[in-house]
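Notes for the one structure printed next.
The values are calculated or read from the model by the stated rules, or taken from the named source; none is laboratory data. Because the structure is a prediction, the values reported are computed rather than measured. Here Cβ is always computed from backbone atoms with ideal geometry, including for glycine, and neighbour counts include all displayed protein chains. Side chains included, ligands, DNA and RNA excluded: accessible areas come from the protein's heavy atoms. Shrake-Rupley method; radii C 1.70, N 1.55, O 1.52, S 1.80 Å.
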Amino acid sequence: MSSLLSAHVSTMGEGVLAIPALWRDIWPPLAIRHSSSFLCLASVFSLSSLRIAFLIVRLSSSNMAHIVGYPRMGPKRELKFALESFWDGKSSAEDLKQVAKDLRASIWNQQKEAGVTWIPSNTFSYYDHVLDTTAMVGAVPERYGWTGPSVEFDTYFSMARGNKTTPAMEMTKWFDTNYHYIVPEIGPETKFSLASRKALDEYKEALELGVKTVPVFVGPVSYLIMSKATRDAPKNFDPLSLLDSILPVYKEILSELKAAGAHGVQFDEPTLVLDQESSRYEAYKKAYDFLGAEFGSGILIETYFADLPAEAYKTLIGLESVGAIGVDLVRGIKTLELIKEHGFPAEKKLLAGVVDGRNIWANDLAASLTLLEGLVADLGKDRVMVSTSCSLLHTAVDLKNETKLDDEMKSWMAFAAQKLHEVVALANALKGNKDEAFFAANAAAQESRRNSPRVHNAAVKEATKNLEESEHRRATPVVNRLEEQQKKLNLPILPTTTIGSFPQTPELRRVRREVKSKKITEEEYTKAIQTEIQNVVKLQEDLDLDVLVHGEPERNDMVEYFGEQLQGFVFTANGWVQSYGSRCVKPPVIFGDVSRPSSMTVYWSKYAQSLTSRPMKGMLTGPVTILNWSFVRVDQPRSTTCLQIALAIKDEVEDLEANGITVIQIDEAALREGLPLRKSEQASYQDWAVHSFRITTCGVKDTTQIHTHMCYSNFNDIIHSIIDMDADVITIENSRSDEKLLSVFREGVKYAAGIGPGVYDIHSPRIPSTEEMADRARKMLAVLESKVLWINPDCGLKTRKYAEVVPALTNLVAATKQLRAELASAK
């Protein structure tokens, strides 16, 4: 076939023939014949020197099934272990690349065998897909000393994790998920160039395996909107102003993909679900008019995590170069109203995201099929594809690896691998090939879950019924409480503390594994944990920290630990989900009403306090964070489940106080994360989330100091909700985000409680100097009173090694003492 024709007649995935209008106009006599297996284009004619005789394009017997993205860590966290081995110098770059290659092959083949039609590539990442985009466009901050032409591992991982001399780039939450992305730094001086051909390499790699994929990119508009201005950029600089500069880089990689045989590409533009100024929508039009000139109608735009605003929807359907649009119909069900009101273009396909990419519950296939059939009735059978609501990156990998769950519980669930089959089953059903047995088993599981006595607890429902009738506030204002607490605690100015956890050593993990497998007795386990607590307490005293922690050696995870002791939770063996880099979490599953049968932390906190005369923090995870970092039941409002958890944590707080613990930290690391993306839904969330926190603390004495902790989010837009939580002290991430938290105080927000913006980034192996931490604290003192300021790291220390923690905390204490001397001298 002529190369000219092959460049314009393409298959958008197997079985979908795309003939651009240009060619239909040139050859009106083009005839189409088809059987169940083939689509035949038959005609003989000439155009200049071009002769076309006969073209046969195989139609897939498969369905119209699409996956937005897939987990990258592997079913047994193979990538995590390969990354950490490489970072520790125990394996080579080639070893790491081979593990990655094997994982990608497994993922692509799994989707092909399941019957997925549009299989994504370039969704794999060694650390973060947004960082991959930064590498692709060559937007490497100057401080890393990169000179081009390509971004290799040294530079890539330095941006992600920092190195001995240079701090890492900022990390923050990806929209309202627990996934963290590396925030691009864009300034007027940023020069873009194609510095990574990862997308092309992976496309070719899949092709060699016989898998035709759809390469996936973070869309250029979302990439720039999710970036931040460099520190030296003018005050009102907007990274989106560099759209014209970045688009040629995208076009260059598209051109290379096209030459390699790619017929379709997916651009993720999740910022389309955000409320934006009308002028911003012009950027999407400009971007896809430009890129469409290179790739024609082979462009798919994927949106997810919320409803589309009306103006965003109208912008999307008006993009002439876009051949398919993906929408989230789990968290964005109102988008259906826009389709009915504004219609959907006849020349485009709708990718209906009905299979939840962010939870582990089996899809209600009957309900989803009814929704899909309604769309087909409105739009036509060949214009609706079945998809996941977002990338499956946010769910667990494969239910077949679960050994701890009983058969009934497993029948209620679907992990990423099972969701592939749900998507395909729905797509087949739309085509008239419904698997009756599969649908019947699903319906039986749905009915079982709705009516199971394991799910419902009448006493819990009754206890939460009237909670909204009170605000549950502590009676005494925080300023007066702090005075009473200081009389009791007698802390120095600029008190020092840590966030909670200390390094989780291989020995600690071994002890926890062995007690679970009954290789050691409970008595041996208790003795081992007590020894670790003794060591952690002595280390903190030697370092001269003021408020101590017990180090949490008994805890596997700050949410899982509590969930294991609460009714209404169940746990997986291998339900790991990537949080950032190699860091994975295993979210608990909240399947039923939540209650606390007995105390959860009192024994260890009481033991730790007995070892020291200094204040020992009791360490709890707050109800909102437990909720947001779990897979949550979907048969009742999230707010109801959160109130149930709040009552359980309230009981634990009061038990700690009764046992002599006078400082209690209730972490709400994920409070900001759960904020809905659409502004119209945010006030309601903030009301019930903050109320849930206050329920946990409303019963303690004025002399009991309540701390909370938040990390790695943009807090500035919820600062008033943070104040409304009415905690006595908040410790909060600050160092990795260029102290942007401090800007709210510069702008006049008054915060009367104690506050500890972090002075060093614990997610990097880098050890900051005494002077660096002192300098950060001086910036804080410029906007905060010394009497409310605490000095602490950004977050818990469990992921670090003692060889990093000890010198870093030594420098932190030295910096604090230096500042105390400066304050005393100034007086």
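Data overview
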| item | result |
| --- | --- |
| Cα gyration tensor shape for region 202-349, rounded if a/c is under 1.5, else prolate or oblate | oblate |
| Nearest-ten-degree value, helix 802-826 long axis tilted from longest Cα axis of the chain | 60 |
| Cα gyration tensor shape of region 103-204, rounded if a/c is under 1.5, else prolate or oblate by comparing a/b with b/c | prolate |
| J(HN,Hα) series, region 203-219, from Karplus relation 6.51 cos²θ - 1.76 cosθ + 1.60, nearest Hz, glycine and proline x | 4, 5, 4, 5, 4, 5, 8, x, 10, 8, 10, 10, x, 10, 10, 5, x |
| Estimated FRET transfer efficiency when R0 is 25 angstrom, pair Asn659-Gln534 (beta carbons, to 0.05) | 0.85 |
| Under 19 Å from the Cα of Lys750 - aspartates and glutamates, other chains or at least 8 residues apart | Glu483, Asp717, Asp724, Asp726, Asp728, Glu733, Glu739, Glu785 |
| Accessible surface of the chain [probe 1.4 Å, protein heavy atoms]: carbon and sulfur percent | 51 |
| Global form of region 64-451, assessed from the alpha-carbon gyration tensor, a/c cut-off 1.5 | oblate |
| Computed magnitude of the charge dipole of the chain (debye, nearest 20; Cβ of K, R +1, Cβ of D, E -1) | 780 |
| Centroid-to-centroid separation of region 79-132 and region 612-680 [C-alpha atoms, Å] | 35 |
| Pairwise FRET efficiency - Ser769 versus Lys518, Cβ, R0 = 51 Å, nearest 0.05 | 0.60 |
| DSSP-assigned coil residues among trypsin sites (Lys or Arg not before Pro) in region 225-312, each with at most 16 further Cβ atoms within 10 Å | Arg231, Lys235 |
| For Val214, distant residues with modelled amide H under 5 Å away | Ile119, Ser121 |
| For Lys349, distant residues with modelled amide H under 5 Å away | Ala324, Ile325 |
| Probe 1.4 Å, accessible area per residue of region 64-451, Å² | 37 |
| Amide H contacts of Asp275 (H built 1.01 Å from N, under 5 Å, at least 5 apart or other chain) | Lys679 |
| Angle between the chain longest axis and helix 478-489 axis [Cα atoms, degrees, rounded to 10] | 50 |
| Distance between region 763-827 and region 408-422 - C-alpha centres, whole angstrom | 47 |
| Charge sum, other residues only, whose C-beta stays under 14 Å from Ala346's C-beta, Lys/Arg counted +1 and Asp/Glu -1 | 0 |
| Principal-axis tilt of helix 506-516 within the chain, Cα atoms, nearest 10 degrees | 90 |
| Cα-projected label distance for His456 with Gln818, points at 7 Å along beta-carbon direction, nm | 6.4 |
| Antiparallel bridges, percent of DSSP beta bridges restricted to the chain (to nearest 5) | 30 |
| Cα-centre dipole for region 64-451 with unit charges at Cβ (Lys and Arg positive, Asp and Glu negative), debye to 20 | 280 |
| Rg and Dmax [Cα atoms of region 596-666; Å; Rg one decimal, Dmax integer] | 14.0, 48 |
| For the chain, calculated [θ]222 nm from helices alone, where every DSSP H run of n ≥ 4 adds -39500 (n - 2.57) | -12000 deg cm²/dmol |
| Segment Glu747-Lys285, extension gain: residue separation times 0.36 nm, minus the distance between their alpha carbons | 162.8 nm |
